[in-house]
Amino acid sequence: MIPTTLANFVVHLLHFWRYDWPAQAVVTPANDNPILNFELRHQHAVSSTARVVFADVPAAQIYTHRDGRTPYQVQTRRIITHRPSSFCEYTEARMRSIRQAQSQILLWGDSEVIGPDVESRETLLGLAKMTNNAYVEPEDPYWYDLGDDWPEHYPFGWEPDADGFRGYVFATPDNSTVILSIKGTSTIVGGGGPTKKKDKLNDNLLFSCCCASVDWTWSTVCGCHRGGWKCDQDCVEEALVEESLFYPIGTNLYNNLTYMYPDSNIWLTGHSLGGGLASLLGMTFGVPVVAFETSGDKLAAERLHLPSPPSTNHITHVYHTADPIPQGVCTGVFSTCALGGYALETRCHMGKTIVYDTVSNLSWSVDVRTHPILTVIEKVLSEPWAPSVEIGREVPEATAEEDCVECYSWEFGDFPK
């Protein structure tokens, strides 16, 4: 834990180092909504010492797409985003809320930028394939190639002892738009590779009601449970700030990316935990986000004390009803999540959600085995969605989750040990 005095000193020091946001590429009304083509530029990872590392991608060997298509063209649309004048002011407001329980007024600026057209099925499919690639290397049979211009990359940050934040950076040939794709939880049950331990820690801290307190047999991720259904609120919030979370690593990564591409629009995408992190970073930096099959992220944003912009409609969550995780129903001591050591209990999402009702329309059973991004790609997004086509749409309508309630059994308050 950073002592309060030191934390306040750091915030005070940052006040003199005013890091202004890089300029967003603002769209003029005369511009059309272009179709963008992306190519792989960088692989990013975090070492065991929490150092963000990038690996440039050289032009080299070409890979063949598994299904013979080249679907990584992305349809765009104009969207409005909101962000404060500087990251320093944002951090100062957040620290004031964390340390002193005081609110600080932030002046939010509005920008009209080019973002992904989430009403396009092909756009969602292309972004979903980018999120899938965050889990694997090009040699893997589950890698989706992006077409004839997708080169080989070095397997930097994917060594057996690399156990942190992973993903890829994609960019258009003219660098006008850059996409950061973030790897999610490796697996809920079974293996999972070297990142599984930290994946689980982040999942259970961000998306459980109280430190992943399932029953007395569990080793919780923080000591905030006070017996019964009581949870100490200050303790939970301190745990999220103090523990080795991926969120601060993500903010560091994003700031590095804006230095590399100061004039580019930046989008974020991810699946599961990766989608949740993308959403939290999208709220922080005011950039477009498309997240797939993600647990509810609204409670995590509140506990992290992220200042809330006037609107979070630049964040879009996509999930289907047979996946219990984004609905917060993979719970209880006998659930598959619990058997794997996960307490994924939150269900309220920021921004808007696009929900595919696979239970009613495809007769799927609710099963955590439908959670992987490959299921979304190959069984949900790969073909036109009939219920939407019937009403003249490509995908279900994106709507805000109204009156969403979660963790209703818990009592949160001042419950000292």
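The values are calculated or read from the model by the stated rules, or taken from the named source; none is laboratory data. Everything numeric here is computed off the predicted structure, so don't read it as measured data. Note that we place each Cβ from the backbone using ideal geometry, even for glycine, and neighbour counts take in every protein chain shown.
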Next on the checklist: I need a count of the residues in region 83-117 that are of a type in the set (Val, Ile, Thr) and within 12 Å of Leu306 (Cβ to Cβ).
Outcome noted: 2
Item to check | Candidate set from region 182-211 (those that are more than 17 Å from Leu304 (Cα to Cα) and at pLDDT 85 or above); member that is surrounded by the fewest Cβ atoms within 10 Å (Cβ to Cβ) | outcome: Lys200
Checklist entry - Of all residues in region 332-346, which are in a loop (DSSP other than H, G, I, E, B) and surrounded by fewer than 20 Cβ atoms within 10 Å (Cβ to Cβ)? => result Gly332, Val333, Phe334, Ser335, Gly340, Gly341
Checklist entry - Only one of Val355, Val318, Val290, Val329 is in contact with a Lys or Arg (Cβ under 8 Å, 6 or more places away or on another chain) and at negative phi; which? => result Val329
Item to check | helices (runs of 4 or more DSSP H) contained in region 246-322 and holding at least 1 residues surrounded by fewer than 21 Cβ atoms within 10 Å (Cβ to Cβ), of a type in the set (Ser, Thr, Tyr) and out of contact with any Ser or Thr (no Cβ under 8 Å at 6 or more places or on another chain) | outcome: 246-260
Item to check | Search result, residues across region 366-401 that are farther than 21 Å from Ile325 by Cβ and of a type in the set (Val, Ile, Thr) | outcome: Val389, Ile391
Item to check | Failed item in (1) assigned to a loop (DSSP other than H, G, I, E, B); (2) out of contact with any Ser or Thr (no Cβ under 7 Å at 6 or more places or on another chain), with Glu92 passing the rest | outcome: (1)
Checklist entry - Taking only pairs six or more apart or across chains, which ones have beta-carbon atoms under 7 Å, a first residue in region 72-90 that is buried (at least 19 other Cβ atoms within 10 Å of the Cβ), and a second residue that is of a type in the set (D, E, K, R)? => result Tyr72/Lys129; Gln75/Asp117; Gln75/Glu122; Thr76/Asp117
Next on the checklist: Between Ser388, Ser382, which is touching an Asp or Glu at 6+ places or on another chain (Cβ under 8 Å) and among the small types (Gly, Ala, Ser)?
Outcome noted: Ser388
Checklist outcome for this item: Of those in region 350-372 that are surrounded by 14 or more Cβ atoms within 10 Å (Cβ to Cβ) and charged (D, E, K, R), the residue nearest to Ala300 (Cα to Cα) is Lys352
Item to check | Index of the failed condition, Ala128 passing every other in (1) within 23 Å of Ser186 (Cβ to Cβ); (2) at pLDDT below 90 | outcome: (2)
Checklist entry - Do the conditions hold for Gly250, that is, is it of a type in the set (Gly, Ala, Ser), at pLDDT 85 or above and under 24 Å from Val333 (Cα atoms)? => result no
